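Student: Here it is, the structure in full.
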């Protein structure tokens, strides 16, 4: 399995947002940067669909990726922030299905640590690619790309 983890793009700050955290949207700058970065990442993606957290900022990022990467999109409640532990998330992955998971941190970083033991931190708009069996310690980190580097890729794409 090739599993791609994509953290949502830059959203409004919690301190500036009045509503429910699940409804906190991407900023205009976050949308602009995500669009550029996702274009640069297009050649790195080998997946059959995108699974996203239902929280607005992740959903918005996933919709951008879905459009740019021409992949179908499915909402997964278990990808919502702190919805379930990494072991439960890993058990929902199908070893023969290459997917992109769009979600939040620390959830995605913890999932990567669970699956491959790598101590990574997913930055907003960052991407990680793992390969192997989606079980504890059986995946290998193939690529970790920061938003800054993804933007640089978009300049060469």
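Student: Determine one quarter of the surface area of the Cα convex hull of the range 102-154, which equals its mean projected area, and express it in nm² to one decimal.
Tutor: Its average projected convex-hull area is 3.5 nm².
Student: In addition: How large is the helix-only mean residue ellipticity at 222 nm for the chain, computed as the sum of -39500 (n - 2.57) over DSSP H runs with n ≥ 4, divided by its residue count, in deg cm²/dmol to the nearest 500?
Tutor: -10500 deg cm²/dmol
Student: Quick one: order 55, 69 by neighbouring beta-carbon count within 10 Å, fewest to most.
Tutor: Exposure proxy ranking, most exposed first: 69, 55.
Student: Over the chain, what is the relative contact order in percent, taking alpha-carbon pairs closer than 8 angstrom and at least six residues apart?
Tutor: 31
Student: Just to be sure I understand: if I project the alpha-carbon convex hull of the chain onto a plane and average over all orientations, what area do I get in nm²?
Tutor: 8.2
Student: Once Rh is set to the Kirkwood radius over Cα pairs, what Stokes-Einstein translational diffusion coefficient, in µm²/s, holds for the range 1-51 at a temperature of 37 °C and a viscosity of 0.692 mPa s?
Tutor: It comes out at roughly 256 µm²/s.
Read-outs: derived from the displayed coordinates by stated rules, not from any lab. No experiment lies behind these values; they were computed from the predicted model shown. Here Cβ is always computed from backbone atoms with ideal geometry, including for glycine, and neighbour counts include all displayed protein chains.
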